[in-house]
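First comes the structure, then the notes that go with it.
Any read-out appearing in this document is the output of simple, stated calculations on the displayed coordinates, not a laboratory observation. Note that the structure is predicted; figures quoted are calculated from it, not measured. Because the Cβ atoms are built from the backbone with ideal geometry, glycine has one as well, and the counts that use them run over all protein chains shown.
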Amino acid sequence: MTPEEQDQVRARQKSRALVTGLLLGFLAILFFAITLAKIGVSDQI
C-alpha cells in the first residue's frame, strides 16, 4: 500500500470515528432528555 493510499484510509477512518462519536453523543443527550422528561411527568402525578 502506498503512502497516499494509507493517508486516504486514515482520513476515512478518522471521519467515520468522528461521525460515530457525534452519533453516540447525540444518543446520550437524547436518552438524558427523555429521562428528565419522564421524571418531570411522574413528579406532576
Q. Counting Lys and Arg as +1 and Asp and Glu as -1, each charge on the Cβ, what is the dipole of the chain about the Cα centre in debye, to the nearest 20?
A. 60
**Q.** Label point distance in nm, residue 42-residue 5, each placed 7 Å from Cα along Cα→Cβ
**A.** 5.5
Q | Tilt relative to the chain, helix 3-44 - C-alpha long axis, 0 to 90 degrees, to 10 | A | 0
